[in-house]
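Presented below is the structure to which this report refers.
The values are calculated or read from the model by the stated rules, or taken from the named source; none is laboratory data. These numbers come from a predicted model, not from an experiment. No Cβ is skipped: glycine too gets one built from the backbone with ideal geometry, and neighbour counts run over all protein chains shown.
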2 protein chains.
Amino acid sequence: MTAIWPDRDALCLLTDLYELTMAQAYWRQQRNDEAIFSLFFRVLPEQRQYAVACGQEYAAHLVSELRFPAEQVARLAELKQFQPEFLDWLAGFRFTGEIRTVPEGTLVFPHEPVLEVRAPVIQGQLLESLLMNYINLETLLASKASRVVDAAGGRPVMDFGMRRMHGLEAAWRGVRAYRVAGISGTSNVLASRDFDLPAQGTMAHSYIQAVGDERQAFLEYARLYPGTTLLVDTYDTLAAVDKVIGLVREEGIEVGAIRIDSGDLGALAKAARRRLDDAGLSGIRIVVSGGLDEWKVAKLVADGAPMDGFGVGTEMGSVADAPSLDFAYKLTEYGGEPRLKNAPGKPVYPGAKQVWRHHDASGMLAGDEITGIDEARDGEPLLREVIRDGRPVLPSPDPDQARERLSRERQSLPTALRGLTPHAPYPVRFSESLETLRRDTLARLAE
Amino acid sequence: MTAIWPDRDALCLLTDLYELTMAQAYWRQQRNDEAIFSLFFRVLPEQRQYAVACGQEYAAHLVSELRFPAEQVARLAELKQFQPEFLDWLAGFRFTGEIRTVPEGTLVFPHEPVLEVRAPVIQGQLLESLLMNYINLETLLASKASRVVDAAGGRPVMDFGMRRMHGLEAAWRGVRAYRVAGISGTSNVLASRDFDLPAQGTMAHSYIQAVGDERQAFLEYARLYPGTTLLVDTYDTLAAVDKVIGLVREEGIEVGAIRIDSGDLGALAKAARRRLDDAGLSGIRIVVSGGLDEWKVAKLVADGAPMDGFGVGTEMGSVADAPSLDFAYKLTEYGGEPRLKNAPGKPVYPGAKQVWRHHDASGMLAGDEITGIDEARDGEPLLREVIRDGRPVLPSPDPDQARERLSRERQSLPTALRGLTPHAPYPVRFSESLETLRRDTLARLAE
């Protein structure tokens with residue numbers, strides 16, 4: 001049978017080769033002290049105020065299950081770069097370290113660790129490619145979708161993106177991230193079942209064309225699916241609206257909504273709303289789609305266009321304005337000593353950390369402080385243990401909790417940070433101790 | 001165990017809901033005449049001259065295996081939109097139609113069908129989401145990678161993109177597309193095994209930092225991996241090059257290449273080349289990486305920078321400049337009659353088609369003509385049957401053949417179309433018969 005995705009067992013080989021060659025080099029030199037690795041991004045994409053951390057708890061659970069089955073180890077051996085004793089070591093691999101993450105659905109800002117690993121360096125190194133790939137996708141999608149949901153101002157947003165997302169896994173797993181972001185439904189049938197979001201959809205232009213007669217197509221469809229959404233822009237949008245009205249009156253069909261997928265969506269929606277209302281059909285909703293992103297949604301909302309929902313696909317699914325995030329996975333401590341690379345413009349702060357989120361008296365977000373892990377602050381500590389001694393200490397993340405968390409945090413953003421364009425960066429500072437430790441470490445490095 | 005991707009059996013549910021509701025509506029009305037669906041794009045992303053068709057033959061093979069296993073049909077039933085008799089029909093589904101595609105690795109241009117389905121309309125409709133998702137990803141990646149390979153002017157290009165690609169499937173299956181595009185190796189271990197491309201990689205900065213002493217890190221790594229590539233930009237790039245030279249002389253280590261991942265890559269490579277050559281080490285190659293795309297590669301090549309290879313990740317893997325293609329899957333004929341939607345600026349041409357590629361006397365590409373399927377022309381007909389009566393008539397596509405085809409076609413592009421910015425669109429025209437048929441169909445539609 002033609003392969004679509006790899007065997008579950010092969011997850012261990014979905015990694016960059018150098019993770020494995022470095023692991024063998026550490027192993028060979030018996031260099032396996034405890035290390036801290038930190039996953040964070042340094043800059044936000046243009047026009048963005050925040051990212052929505054997503055996938056990191058799920059990925060931590062994957063790590064706790066990571067094994068190198070014999071069949072996969074045998075495939076590695078084919079590369080002729082690995083010694084039999086190291087391959088034996090891999091065959092017995094299980095993660096024994098600690099992973100701390102911020103909760104899924106948390107707003108995160110530059111330099112804030114989304115996830116930290118404390119483990120023998122070989123183990124921590126081996127996780128890099130998997131964690132980065134896994135967290136990049138869901139954080140990317142949740143961050144974009146959160147903006148679309150926010151722009152829609154309470155109107156439902158539906159995911160129509162499957163056909164333009166990067167493969168079947170992205171279209172499927174993306175729906176988990178979309179649910180966290182507050183998306184109301186998805187056209188993706190399997191994802192709707194697996195991630196418990198309503199499956200939604202209407203009809204395509206091809207259906208109307210194949211039937212040939214638009215009125216007949218509406219009639220048959222609404223009889224089969226009472227309360228359905230009818231697509232009205234195949235030929236002449238307003239003429240089609242009149243057909244819908246005629247059918248409701250003459251044939252008694254039940255129509256839940258009409259969908260407009262092309263043309264001047266705002267003007268057509270207004271005109272359609274007027275005709276429907278004049279016909280006494282104010283219960284029929286209007287859904288629009290077609291090349292929408294957060295900017296277009298916001299403009300339609302601002303213009304007072306009478307939309308009851310938005311179907312959003314390509315722009316949200318391929319994250320056209322920022323199709324990757326700037327995540328890095330950096331060694332910050334080894335054998336109890338701070339480590340960092342001195343790259344101009346790319347500061348790394350040493351050691352294990354905590355992020356403290358501060359709220360003002362009215363509950364609004366007032367700024368974050370990144371401290372060493374042992375520094376105490378008032379405020380909400382964001383990083384907490386998900387995996388200890390290689391085993392989960394928290395259950396698999398609950399998308400509903402994550403969605404509620406995101407919704408609450410988004411509502412608590414100061415006004416200057418709430419729109420689509422940030423007016424000022426969200427205040428994030430490093431503690432004095434971390435600044436001092438970084439200076440001292442760099443000074444030692446320069447000696 | 002934590003799910004990573006769906007069961008193979010669930011492929012049938014990885015579709016937009018409306019494909020299934022439309023299918024039931026056709027089925028209910030016994031509207032199941034033969035239809036033609038055509039998959040094509042209308043516009044290229046800015047700055048692009050061509051797309052590289054990829055994934056369409058593989059997808060056609062998937063279609064021939066598509067089934068609705070009982071367990072999946074039961075999940076569909078939970079949606080309470082489908083009648084038991086239709087669900088029974090789905091349980092017995094197999095594709096019985098014909099799929100024609102252009103060969104993988106073919107250069108394609110706006111309006112040219114990449115794939116055409118001829119099947120009873122229910123079947124053709126049910127394939128839409130799967131075909132679009134599947135072909136979008138590989139064509140997107142092959143098209144981008146082809147530009148990078150071309151810009152590198154014969155120097156090897158390595159895929160380092162796993163961490164920023166959209167999920168594990170994209171990072172894995174993308175390597176199949178990269179191989180077609182002419183990429184020389186990949187850091188992705190599993191994909192290198194599954195798609196038979198060399199696995200490549202060096203070391204990360206974290207390794208040097210963990211060891212603490214750069215010279216010691218180089219020494220140990222090169223002893224373990226004779227002929228390896230050493231990463232020289234963790235602290236001071238040229239000082240690190242001197243350490244490499246010293247180690248070769250004093251310790252006799254074997255070094256295949258050095259990699260520079262940050263800073264002014266061109267200037268550093270030139271300076272490093274000079275030091276290596278002066279030390280008599282002209283056999284040590286120089287590989288660069290870090291934020292590269294086709295433009296940066298082309299500039300380094302034009303500047304005469306002494307690179308022996310490029311590692312390319314984020315930009316190629318997330319296709320930052322054009323993260324989706326404008327593919328459409330359109331009904332063009334139903335029951336032997338031409339069908340099309342009259343959308344301003346979005347012309348569709350009716351019926352089943354052929355694309356004829358013309359070469360001039362010197363073998364250069366001279367323009368394409370899109371004709372009806374029954375029109376004969378001199379020239380190379382691009383669309384050929386892959387699936388007949390639901391079964392493959394061609395073997396699974398061979399990436400080597402596809403790569404050779406692409407390489408040959410890219411070499412045959414007229415000079416004006418060969419650079420990174422097109423000076424004129426490649427000439428594609430519709431036959432007189434198609435133009436006439438379209439006019440007549442639109443006129444009938446307007447009656």
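Structure summary
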{"quantity": "Contacts under 8 angstrom Cβ, first residue in the range B:231-253 being farther than 21 Å from A:Leu331 by Cβ, partner aromatic (Phe, Trp, Tyr) and not in a loop (DSSP other than H, G, I, E, B), 6 or more apart", "calculated": "B:Val244/B:Phe218; B:Leu247/B:Phe218; B:Ile253/B:Phe218"}
{"quantity": "Set A:Ala119, A:Ala152, A:Ala142: member being more than 7 Å from every other protein chain (Cβ to nearest Cβ), under 30 Å from A:Ala35 (Cβ atoms), in contact with a Phe, Trp or Tyr (Cβ under 8 Å, 6 or more places away or on another chain) and surrounded by fewer than 24 Cβ atoms within 10 Å (Cβ to Cβ)", "calculated": "A:Ala119"}
{"quantity": "Single condition B:Leu107 does not satisfy, out of (1) surrounded by 24 or more Cβ atoms within 10 Å (Cβ to Cβ); (2) within 14 Å of chain A (Cβ to nearest Cβ)", "calculated": "(2)"}
{"quantity": "Failed item, numbered, when B:Ala279 is tested on (1) crowded, with 16+ Cβ neighbours inside 10 Å; (2) small (Gly, Ala, Ser); (3) under 37 Å from the mean Cα position of the chain (by Cα)", "calculated": "(3)"}
{"quantity": "Hey, A:Leu137 within 13 Å of chain B (Cβ to nearest Cβ) and closer than 25 Å to A:Phe95 by Cβ or not", "calculated": "yes"}
{"quantity": "Scope the range A:249-276; condition closer than 20 Å to A:Pro226 by Cα and of a type outside the set (A, V, I, L, M); matching residues", "calculated": "A:Arg249, A:Glu250, A:Glu251, A:Gly252, A:Glu254, A:Gly256, A:Arg259"}
{"quantity": "Conditions (1) within 13 Å of chain B (Cβ to nearest Cβ); (2) buried (at least 23 other Cβ atoms within 10 Å of the Cβ): number failed by A:Val102", "calculated": "(1)"}
{"quantity": "Some residue of the range B:162-175 being part of a loop (DSSP other than H, G, I, E, B), in contact with a strand residue (DSSP E or B) (Cβ under 6 Å, 6 or more places away or on another chain) and at the interface with chain A (Cβ under 7 Å from one of its Cβ atoms)", "calculated": "no"}
{"quantity": "Cross-chain or 6+ apart pairs with Cβ under 6 Å, the range B:300-320 first and farther than 14 Å from B:Pro156 by Cα, then polar (S, T, N, Q) and at pLDDT 95 or above", "calculated": "B:Thr314/A:Ser324; B:Ser318/A:Ser324"}
{"quantity": "Strands (runs of 3 or more DSSP E) wholly inside the range A:225-294 containing at least 1 residues that are within 12 Å of chain B (Cβ to nearest Cβ) and over 23 Å from A:Val149 (Cβ atoms)", "calculated": "A:228-231"}
{"quantity": "Residue within the range B:16-29 that is within 28 Å of the chain's Cα centre (by Cα), within 30 Å of A:Glu57 (Cα to Cα) and modelled with pLDDT of 95 or more present", "calculated": "yes"}
{"quantity": "Residue list for the range B:206-224, filter: touching a strand residue (DSSP E or B) at 6+ places or on another chain (Cβ under 8 Å) and not in a helix (DSSP H, G or I)", "calculated": "B:Gly212"}
{"quantity": "Considering residues of the range B:176-197 that are of a type in the set (A, V, I, L, M, F, W, C) and without any contact (Cβ under 8 Å) to a residue 40 or more places away in the chain only, the residue farthest from the other protein chains (Cβ to nearest Cβ)", "calculated": "B:Ile183"}
{"quantity": "Candidate set from the range A:198-224 (those that are among the small types (Gly, Ala, Ser) and within 9 Å of chain B (Cβ to nearest Cβ)); member that is surrounded by the fewest Cβ atoms within 10 Å (Cβ to Cβ)", "calculated": "A:Gly212"}
{"quantity": "Residue, farthest from B:Asp398 (Cα to Cα), within the range B:98-137, restricted to residues that are in contact with a helix residue (DSSP H, G or I) (Cβ under 6 Å, 6 or more places away or on another chain), β-branched (Val, Ile, Thr) and not in a helix (DSSP H, G or I)", "calculated": "B:Val117"}
{"quantity": "In the range B:382-397, residue modelled with the lowest pLDDT [restricted to those that are loosely packed, with under 15 Cβ neighbours inside 10 Å and out of contact with any Ser or Thr (no Cβ under 9 Å at 6 or more places or on another chain)]", "calculated": "B:Pro395"}
{"quantity": "Exclusive hit being surrounded by 19 or more Cβ atoms within 10 Å (Cβ to Cβ) and more than 14 Å from every other protein chain (Cβ to nearest Cβ), set B:Leu365, B:Leu413", "calculated": "B:Leu365"}
{"quantity": "Any hit, the range A:346-365, residues being in contact with a Phe, Trp or Tyr (Cβ under 8 Å, 6 or more places away or on another chain) and part of a strand (DSSP E or B)", "calculated": "yes"}
{"quantity": "Top-ranked residue of the range A:47-85 - restricted to ones that are under 17 Å from the mean Cα position of the chain (by Cα) and of a type in the set (D, E, K, R), ranked as surrounded by the fewest Cβ atoms within 10 Å (Cβ to Cβ)", "calculated": "A:Arg48"}
{"quantity": "Members of the range A:405-439 found to be more than 32 Å from the chain's Cα centre (by Cα) and either in contact (Cβ under 8 Å) with a residue 60 or more places away in the chain or not in a helix (DSSP H, G or I) (or both), listed by number", "calculated": "A:Ser433, A:Leu437"}
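Yes/no per residue for (1) of a type in the set (D, E, K, R); (2) in a loop (DSSP other than H, G, I, E, B); (3) at the interface with chain B (Cβ under 7 Å from one of its Cβ atoms):
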{"position": "A:Pro6", "(1), (2), (3)": "no, yes, yes"}
{"position": "A:Leu11", "(1), (2), (3)": "no, no, yes"}
{"position": "A:Ala23", "(1), (2), (3)": "no, no, no"}
{"position": "A:Trp27", "(1), (2), (3)": "no, no, no"}
{"position": "A:Asn32", "(1), (2), (3)": "no, yes, no"}
{"position": "A:Phe37", "(1), (2), (3)": "no, no, no"}
{"position": "A:Cys54", "(1), (2), (3)": "no, yes, no"}
{"position": "A:Val63", "(1), (2), (3)": "no, no, no"}
{"position": "A:Glu71", "(1), (2), (3)": "yes, no, no"}
